[in-house]
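Notes follow the structure.
The values are calculated or read from the model by the stated rules, or taken from the named source; none is laboratory data. Note that the structure is predicted; figures quoted are calculated from it, not measured. Cβ atoms come from the backbone with ideal geometry, glycine included; neighbour counts cover every protein chain shown.
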Amino acid sequence: MGYFWQGLPPYLIPWSRKVLPAGSTAVETGTFQGDTSLLLADAFGACTTIERSASLAAAARVRFAGDPRVTILEGSSRTTLTKALPPPEQGCFFWLDAHGMYDYDGEDDDENPLLAEISLILQVRGDSPNVIAVDDARGMGTQPDWPPLTEIFGLLADHRYVGAIVDDALVAAPKSADVDFYALYRASRQVQVPAVFHIWPQVRGLVKARVVSDRVVTSVRDRLRR
Ligand SMILES: C[S@@+](CC[C@H](N)C(=O)[O-])C[C@H]1O[C@@H](n2cnc3c(N)ncnc32)[C@H](O)[C@@H]1O
């Protein structure tokens with residue numbers, strides 16, 4: 001495990017585009033505010049994204065009202081992913097990121113649909129050109145509601161898929177595609193500077209907080225001395 005990216009690690013897109021045939025598309029589960037949906041539409045020309053929260057889906061519909069490349073499907077990925085799958089001959093990049101309650105106030109027995117998502121993709125289009133990427137790999141087997149890594153890799157292996165963990169993402173592809181995970185790893189190590197920029201708002205926030213707390217401590221100390 002290396003960097004913690006908030007969202008899709010940027011180097012994953014060029015690597016996946018090399019693995020997938022021309023004309024491939026993208027499917028995302030868990031739209032949230034649509035930032036990655038836009039990134040995927042830019043990279044693949046189209047993105048179908050699934051959001052369970054009615055209010056987040058409505059906000060995404062407003063955001064992408066003028067962008068026909070982004071299709072928003074409202075509902076749980078457990079039941080809706082099947083509608084998002086492209087035809088078997090078309091390549092697809094999957095970004096599975098539908099975890100967390102966010103703005104949803106329905107039943108929470110629907111938490112973490114990851115195994116259902118992967119099973120569906122493999123059953124319906126296991127022999128198609130796919131890259132399956134899952135965010136938040138650090139949660140697998142460590143956080144409540146996450147399946148253990150062994151179960152995820154077992155499911156992938158049953159369908160002749162291979163996978164690897166790079167930074168905070170699990171990335172999988174058909175064994176027959178003979179993908180170069182070492183190239184992906186190397187790409188992930190070449191982004192130290194962008195990685196720092198990525199978390200720059202948090203770093204700046206911490207520095208500001210530190211400056212303010214130092215001032216408070218100094219002023220209290222001065223008062224006590226008087
Ligand atoms: C981590 S956020 C997604 C972030 C987004 N993919 C991005 O990169 O900006 C998780 C999203 O998944 C949604 N979600 C949670 N469970 C879901 C489910 N079963 N089906 C669809 N969306 C779900 C949440 O409402 C939330 O908006």
Listing of helices (runs of 4 or more DSSP H) fully contained in the stretch 1-92 that carry 3 or more residues being closer than 27 Å to residue 149 by Cβ: 12-19, 35-44, 77-84
Unmet requirement for residue 8, which otherwise passes all of (1) among the aliphatic types (A, V, I, L, M); (2) crowded, with 17+ Cβ neighbours inside 10 Å; (3) modelled with pLDDT of 95 or more: (3)
Some residue of the stretch 28-36 being assigned by TED's automatic domain parsing to the domain that holds residue 96, surrounded by fewer than 20 Cβ atoms within 10 Å (Cβ to Cβ), more than 8 Å from the ligand (Cβ to nearest atom) and charged (D, E, K, R): no
Selection count, the stretch 141-174, where residues are in a loop (DSSP other than H, G, I, E, B) and of a type in the set (Asp, Glu): 3
Residues within the stretch 131-153 that are closer than 25 Å to residue 89 by Cα, within 13 Å of the ligand (Cβ to nearest atom) and touching a Phe, Trp or Tyr at 6+ places or on another chain (Cβ under 6 Å), tallied: 1
Criterion violated by residue 14 - all others in (1) surrounded by fewer than 16 Cβ atoms within 10 Å (Cβ to Cβ); (2) near the ligand (Cβ under 9 Å from one of its atoms); (3) within 18 Å of residue 172 (Cα to Cα) satisfied: (2)
Verdict on residue 167 being touching a Pro at 6+ places or on another chain (Cβ under 8 Å), more than 27 Å from residue 79 (Cα to Cα) and among the acidic types (Asp, Glu): yes
Hits in the stretch 41-59 - residues which are within 9 Å of the ligand (Cβ to nearest atom) and buried (at least 22 other Cβ atoms within 10 Å of the Cβ): 49, 50, 51, 52
Unique residue being among the hydrophobic types (A, V, I, L, M, F, W, C), away from the ligand (no atom under 16 Å from the Cβ) and farther than 17 Å from residue 13 by Cα when the list is 116, 164, 157: 157
Complete set of residues in the stretch 125-140 that are over 18 Å from residue 175 (Cβ atoms) and either assigned to a helix (DSSP H, G or I) or among the small types (Gly, Ala, Ser) (or both): 137, 138, 139
